[in-house]
Amino acid sequence: MHADSPQVRREWVTSRGLEMLDELVGALQECQLALKSMRVDVGLTLDELERDLRKARESASLAYGAASLLDQAADLARGWTDYPSRPKAIFARHRVAADYGAPSKTPAVPTADRYEETLRRAYKLKMNEARGAESRTTASGRRCGTYLGQQDRSCRQRVARIGHDVFAEHCPDHLDDAERELYEHFRQQAAMTVAQAHRDEFRRIADQWIEQRLGPRSWVEQVIRSTGWTG
């Protein structure tokens, strides 16, 4: 028999535990976003901290997924030790059980990961809107028409956008010096618009952090008060 029966299963999770893991992933996501805003307030290279937070969140997401399999009573192949399995082992044991005919279960995705996917789509949408300047398929519909001597034909690429409602006479590959300057300026402005929007969002998250920091620290302060410790 390749799957543990419920009576002897060493791994388990309560609905409360699943909710706590989901919240943990969200808290780590919040830490990642707040750290991005610190670039304007902290003059240090924080790449190692960013890496550690990313790894911690990935581990938390993995733990949530494994716990969700337990919550679904997914079949598991027998473990290799008498101790509860790590999250990666839960995934591996379920794959083995599924290979032997057990129903395959899909691990749940943490709320924060679904939220991040929404953010990613919104970011791509903003980039597409703001970077219309560098898109070769603009709303103009006009074609470049530059004569290509070696190919003995005219260029048929769409003309470049050099302003919100302004188009050059040529495509990005054949801009003259004046058009090139306007084209690059418009691209830079578009990129700055997107970057500023992200800075504003990260700043908003950081401001909320500071506001919460100056307010009650809930259970932390309750524990301190209960011990009578004043520092």
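The values are calculated or read from the model by the stated rules, or taken from the named source; none is laboratory data. The structure presented is a predicted model; accordingly, all values stated were derived computationally and were not measured. With ideal geometry, Cβ positions are generated from the backbone for all residues, glycine too; neighbour counts draw on all protein chains shown. Heavy atoms of the whole protein, side chains included, go into the accessibility calculation; ligands, DNA and RNA do not. Shrake-Rupley method; radii C 1.70, N 1.55, O 1.52, S 1.80 Å.
Report the extension gain between Asp207 and Ser59 in nm, rounded to one decimal, defined as 0.36 nm multiplied by the number of residues separating them, less their alpha carbon distance.
Numbers: separation 148, 0.36 × 148 = 53.28 nm, distance 2.71 nm.
Full-extension gain reported as 50.6 nm.
If R0 is 22 Å, what FRET efficiency do you get for Asp47 and Met20 from their C-beta distance, rounded to 0.05? So, using R0 = 22 Å, E works out to roughly 0.15. A Förster distance of 30 Å, applied to the separation of the beta-carbon atoms of Glu116 and Gln72, puts the FRET efficiency at 0.85. The solvent-accessible area of Asp75, taken with every protein chain present and a 1.4 Å probe, is close to 50 Å². Taking amide H atoms as placed 1.01 Å from N in the peptide plane, the amide H of Phe167 lies under 5 Å from those of Ile162, each 5 or more residues away in sequence or on another chain.
For the ranges 107-116, 77-86, what's the packing order if you count other beta-carbon atoms within 10 Å of each residue, average per peptide, and put the highest first?
So the order, starting with the most tightly packed, is 107-116, 77-86.
According to the Kirkwood relation over distinct C-alpha pairs, the hydrodynamic radius of segment 1-112 is 15.5 Å. Each of Arg95 and Val40 was given a label point 7 Å from its Cα along the Cα-to-Cβ line. The distance between the two points is 4.4 nm.
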